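S.K.: The structure under discussion is supplied below as C-alpha cells; questions concerning it will follow.
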Amino acid sequence: MKLLRYGEVGSERPGLLDADGTIRDLSAHVADIAGTTLHPASLDMLSKLDAKSLPAVSGKPRLGACVAGTGKFICIGLNYSDHAAETGATVPPEPIIFMKASSAIVGPDDDVLIPRGSEKTDWEVELGVVIGKKPNMSAKPMRSTTSPATASPMTCPNAPSRPSVRASGPRARAATRSARPARGW
C-alpha cells in the first residue's frame, strides 16, 4: 500500500497510489497521513479498502511531504563505514545522531532551498523510517515481531548537504545539518 499526501502546500489531502498508478482520495477515511493514521490498526483498516472504490484524483497534483505533523526529524550519520570512508571521515565508534528541522520534510518535487553562500551542495539518497507510535523503551529487548508495529512506513528522502561545512568534523557537521535552512526530503 502506497500512502501519499497531495495538493498545494498547507492544504494537502490524504491519498493512496493504486496498482494502476492512479491517486485515490482517502479523505473520507482519514484526516491526514499523520499520527494515529500510522498506527497498526489504522494501517490495517486502510489496507482492507478497495482502492478502485475510492474517488480518483484528477490531473497531476503536487505530491506533498509523505507525513504531516512531524514532531521530530532525527537523523543518523556515518552509520555505514563505506560512506564514512568516501567522505574522508574516521568511522566513529557510534553513529552520529543529529536533528533537522521538520520544515526539511517536503514533497518529492518541491524546491530544496540552498543556503546563501553555499558554494557546493551535495546530496545522498537515504532510507527514511516513519515511527507512528512511541517505541517501548523498557528494559526488555524489542522482538522483531513487534518492531513493524512501531516503525513500518518507509520513505526515500533526499539528503542535501554542504561538503565544505561537513568536512569540519563530526560535531560541526551535526550542528550545521540541524541548523541550516536547506530543505530536502
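The values are calculated or read from the model by the stated rules, or taken from the named source; none is laboratory data. Worth saying up front: this structure is predicted, and the values here are computed from it rather than measured. Using ideal geometry, Cβ is built from the backbone for each residue, glycine included, and neighbour counts are taken over all protein chains shown.
S.K.: Within region 68-76, does at least one residue satisfy the condition of being of a type outside the set (S, T, N, Q), at pLDDT 95 or above and in contact with a Gly (Cβ under 8 Å, 6 or more places away or on another chain)? Reasoning before the result, please.
M.R.: Filtering region 68-76 down to residues of a type outside the set (S, T, N, Q) leaves 68-69, 71-76.
The next check asks that each one be at pLDDT 95 or above; those that pass are none.
Taking every residue of region 68-76 in turn, none turns out to be of a type outside the set (S, T, N, Q), at pLDDT 95 or above and in contact with a Gly (Cβ under 8 Å, 6 or more places away or on another chain).
S.K.: Scan (1) of a type outside the set (A, V, I, L, M); (2) surrounded by 14 or more Cβ atoms within 10 Å (Cβ to Cβ); (3) touching a Ser or Thr at 6+ places or on another chain (Cβ under 9 Å) for the single condition PRO61 breaks and write down its number.
M.R.: Condition (3) is where PRO61 drops out.
S.K.: Listed residues HIS39, HIS29; which is in contact with a Leu (Cβ under 8 Å, 6 or more places away or on another chain) and either under 17 Å from VAL129 (Cα atoms) or modelled with pLDDT of 90 or more (or both)?
M.R.: The unique qualifying residue is HIS29.
S.K.: Looking only at region 33-58, which residues are hydrophobic (A, V, I, L, M, F, W, C) and surrounded by 15 or more Cβ atoms within 10 Å (Cβ to Cβ)?
M.R.: Matches in region 33-58: ILE33, ALA34, LEU38, LEU43, LEU46, LEU49, ALA51, LEU54, VAL57.
S.K.: Let me ask something additional. Going through region 59-82 one residue at a time, which ones are in contact (Cβ under 8 Å) with a residue 24 or more places away in the chain and not in a strand (DSSP E or B)? If you could, list the steps in order and put the result at the bottom.
M.R.: We begin by selecting, within region 59-82, every residue in contact (Cβ under 8 Å) with a residue 24 or more places away in the chain; these are 61-75, 77-78.
Once the filter is applied, which keeps residues that are in contact (Cβ under 8 Å) with a residue 24 or more places away in the chain and not in a strand (DSSP E or B), region 59-82 yields PRO61, ARG62, GLY64, ALA65, CYS66, VAL67, ALA68, GLY69, THR70, GLY71, LYS72, LEU78.
S.K.: Is there any pair with a first residue in region 31-58 that is within 18 Å of TYR6 (Cα to Cα) and a second that is modelled with pLDDT of 95 or more and aliphatic (A, V, I, L, M) whose Cβ atoms are under 6 Å apart and which are 6 or more apart or on different chains, and what are they?
M.R.: Note: pairs meeting the criteria are THR37/VAL30; VAL57/ILE23.
S.K.: Return the total of residues in region 7-29 being in a loop (DSSP other than H, G, I, E, B), surrounded by fewer than 19 Cβ atoms within 10 Å (Cβ to Cβ) and on the phi < 0 side of the Ramachandran plot.
M.R.: Summing the residues that are in a loop (DSSP other than H, G, I, E, B), surrounded by fewer than 19 Cβ atoms within 10 Å (Cβ to Cβ) and on the phi < 0 side of the Ramachandran plot in region 7-29 gives 10.
S.K.: Collect the residues in region 95-104 that are touching a strand residue (DSSP E or B) at 6+ places or on another chain (Cβ under 6 Å) and either among the basic types (Lys, Arg) or part of a loop (DSSP other than H, G, I, E, B) (or both), keeping them in residue-number order.
M.R.: PRO95, LYS100
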